[in-house]
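> Input: one structure, supplied below.
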């Protein structure tokens, strides 16, 4: 999982680049002291011979030997309560966000409001979008406390934006590496290889429909041979077959190469042998997205969705292309939150329903692929630009310095013991801050938000064919699980009949829908756009 890989990568970066001296002990909080042997071996592997001072519940007071205690997650409240047993000022706490859409993560963030978290603590947000999401949850919890208890004065930790890092030297490849890798992939020099790497999940990472469809269109428009490497892993056979089914249906002329991304050798073959990287995240469980940074470090131009952390890391038109996304505006997903809160839907299904309402602009995506496929020079210049950016901004050597600067700032605040509490503005209260409507809490993720004033065109002139295509696509494994957000036959007919080749407001398309169903049909315009039956104008 991403958080595990990120934690391991951070620890290596910390051991290799942190500025503490050889005489300074490394304070490590462990489940049991025997684990210190493993940590010491890891530290020595990365050039550290420092004394390891292990802390468990039996010598918990020894954490005071550390200025800041870093936890690889957002659950500051639990550790703040434990710290209170010794004194709030004993050390600073520093956590970090990974996914913020799970129940456990949202609870952890909401609990910060009422826990004894201090202004000399910090929760690192890995992207601008994630910080916005965290602030929405905190504000909703504050609204609840104000409405219920009249609370107006709040003490909050710092919320700095610091991205995840990578080890850029791991992505240095020679021309010889490239030749060997392409032989392994079974592609010639005339084939343009597009790479997707990471977990292969249509409901919890990125639905491949847009990627398959746009690659097929690009192959036809450019008359070039394209191959797609999917270097990752499927959680189960159902998901594997869903990807295979989708590739056969939507990208029949594309050679799809499947590699197990859990094998390091396969990852290196993929990075060194590919020409273009693609990751079209459309999921609320994604927060930062490390793989585009790795692709940039490997010298590849990247094609990504304009979504979550990708907005910060990839410069559109410089390192590659960010493809616009569309999602329902705030207030159109309350039933999804309700079902998740009551555990009617699992977390996976909650993420899947939410992602089914996120559309990637197919026209812009196809154009990006066509542009890169036709221009080796643009691929080279964008790849070089991304490589410089990855090394300058995302290498752990740089990121660890930023961490240390933050930790120093927290120490100064703690030592001063005179910090000003943060007072939040308190607008309209929410019902359950840790279970917000995803279209509200993740409203900063998409490029644009779908609302009544959004304009749409119908892409298919023959309505009968459009309806048949909708029914065919909705039965595919990569979509059929999301039947909760599908339109009825009557609703589909109304929407498609109201749409035309000329742009029309969303309000016009749903004007004949009953008042009770209008919000659900409105948001489903995003699904129709996702599968290419509508185009946002």
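The values are calculated or read from the model by the stated rules, or taken from the named source; none is laboratory data. Here the structure is a predicted model, which is why all the values come from computation and not from measurement. Using ideal geometry, Cβ is built from the backbone for each residue, glycine included, and neighbour counts are taken over all protein chains shown.
> Which of the residues belonging to region 2-41 are in contact with a helix residue (DSSP H, G or I) (Cβ under 6 Å, 6 or more places away or on another chain) and farther than 16 Å from residue 66 by Cβ?
13, 17
> OK, next. Go through region 97-129 and give me each residue that's more than 24 Å from residue 151 (Cα to Cα) and without any contact (Cβ under 8 Å) to a residue 60 or more places away in the chain.
104, 125
> Continuing with this model, one more query. Identify, from the list 283, 244, 266, the residue that is surrounded by fewer than 20 Cβ atoms within 10 Å (Cβ to Cβ) and either closer than 26 Å to residue 370 by Cβ or out of contact with any strand residue (DSSP E or B) (no Cβ under 8 Å at 6 or more places or on another chain) (or both).
Exactly one residue qualifies, and that residue is 244.
> Do you know which residues across region 181-210 are closer than 26 Å to residue 384 by Cβ, in contact with a helix residue (DSSP H, G or I) (Cβ under 8 Å, 6 or more places away or on another chain) and assigned to a helix (DSSP H, G or I)?
Hits for region 181-210 are 181, 182, 184, 185.
> I would also like to ask the following. State which residue pairs qualify: first residue farther than 20 Å from residue 309 by Cβ and inside region 160-176, second residue in a helix (DSSP H, G or I) in any location, beta carbons under 7 Å apart, and separation of 6 or more residues or different chains.
173/271; 173/272
> Okay, next question. Could you check, for region 294-301, whether at least one of its residues is at pLDDT 95 or above, closer than 23 Å to residue 527 by Cβ and in a loop (DSSP other than H, G, I, E, B)?
Among the residues of region 294-301, not one is at pLDDT 95 or above, closer than 23 Å to residue 527 by Cβ and in a loop (DSSP other than H, G, I, E, B), which makes the answer no.
> Here's something else I'd like to know. Collect the residues in region 42-56 that are assigned to a helix (DSSP H, G or I) and either in contact (Cβ under 8 Å) with a residue 24 or more places away in the chain or in contact with a helix residue (DSSP H, G or I) (Cβ under 9 Å, 6 or more places away or on another chain) (or both), keeping them in residue-number order.
The answer is 42, 43, 45.
> Restricting the search to region 302-321, which residues are part of a loop (DSSP other than H, G, I, E, B), surrounded by 24 or more Cβ atoms within 10 Å (Cβ to Cβ) and touching a strand residue (DSSP E or B) at 6+ places or on another chain (Cβ under 9 Å)?
Correct list: 307, 314, 319.
> Still on this structure, I have one more. Would you confirm whether or not region 181-194 contains a residue that is at pLDDT 95 or above and within 23 Å of the chain's Cα centre (by Cα)?
Yes, because at least one residue in region 181-194 is at pLDDT 95 or above and within 23 Å of the chain's Cα centre (by Cα).
> Next question. Could you tell me which residue of region 109-130 is farthest from residue 289 (Cα to Cα), considering only residues that are out of contact with any strand residue (DSSP E or B) (no Cβ under 9 Å at 6 or more places or on another chain) and part of a helix (DSSP H, G or I)?
The residue in question is 111.
> Step by step: first the residues of region 76-108, then only those that are touching a strand residue (DSSP E or B) at 6+ places or on another chain (Cβ under 7 Å) and not in a helix (DSSP H, G or I), then the one that is surrounded by the most Cβ atoms within 10 Å (Cβ to Cβ). Which residue is that?
Among those that are touching a strand residue (DSSP E or B) at 6+ places or on another chain (Cβ under 7 Å) and not in a helix (DSSP H, G or I), it is 92.
> Continuing with the same structure: Kindly evaluate residue 349 against the criterion of being closer than 23 Å to residue 531 by Cα, more than 19 Å from the chain's Cα centre (by Cα), outside any loop (DSSP other than H, G, I, E, B) and not assigned by TED's automatic domain parsing to the domain that holds residue 192.
no
> Quick one: which residue in 251, 204, 227 is crowded, with 16+ Cβ neighbours inside 10 Å and either at pLDDT below 95 or outside the structural domain of residue 301 (by TED's automatic domain parsing) (or both)?
Matching residue, one of 251, 204, 227: 204.
> Moving on to the next point. What do you reckon, is residue 143 surrounded by fewer than 16 Cβ atoms within 10 Å (Cβ to Cβ) and out of contact with any strand residue (DSSP E or B) (no Cβ under 7 Å at 6 or more places or on another chain)?
Here the answer is no, as residue 143 does not meet what is asked.
> Test each condition in (1) over 31 Å from the mean Cα position of the chain (by Cα); (2) touching a residue at least 60 places away in the same chain (Cβ under 8 Å) for residue 16 and report the one that comes out false.
Unmet for residue 16, out of (1) over 31 Å from the mean Cα position of the chain (by Cα); (2) touching a residue at least 60 places away in the same chain (Cβ under 8 Å): (1).
> Considering every residue within region 322-345, establish whether at least one is out of contact with any helix residue (DSSP H, G or I) (no Cβ under 8 Å at 6 or more places or on another chain), in contact (Cβ under 8 Å) with a residue 40 or more places away in the chain, under 25 Å from residue 129 (Cα atoms) and crowded, with 24+ Cβ neighbours inside 10 Å.
Looking through region 322-345, at least one residue is out of contact with any helix residue (DSSP H, G or I) (no Cβ under 8 Å at 6 or more places or on another chain), in contact (Cβ under 8 Å) with a residue 40 or more places away in the chain, under 25 Å from residue 129 (Cα atoms) and crowded, with 24+ Cβ neighbours inside 10 Å.
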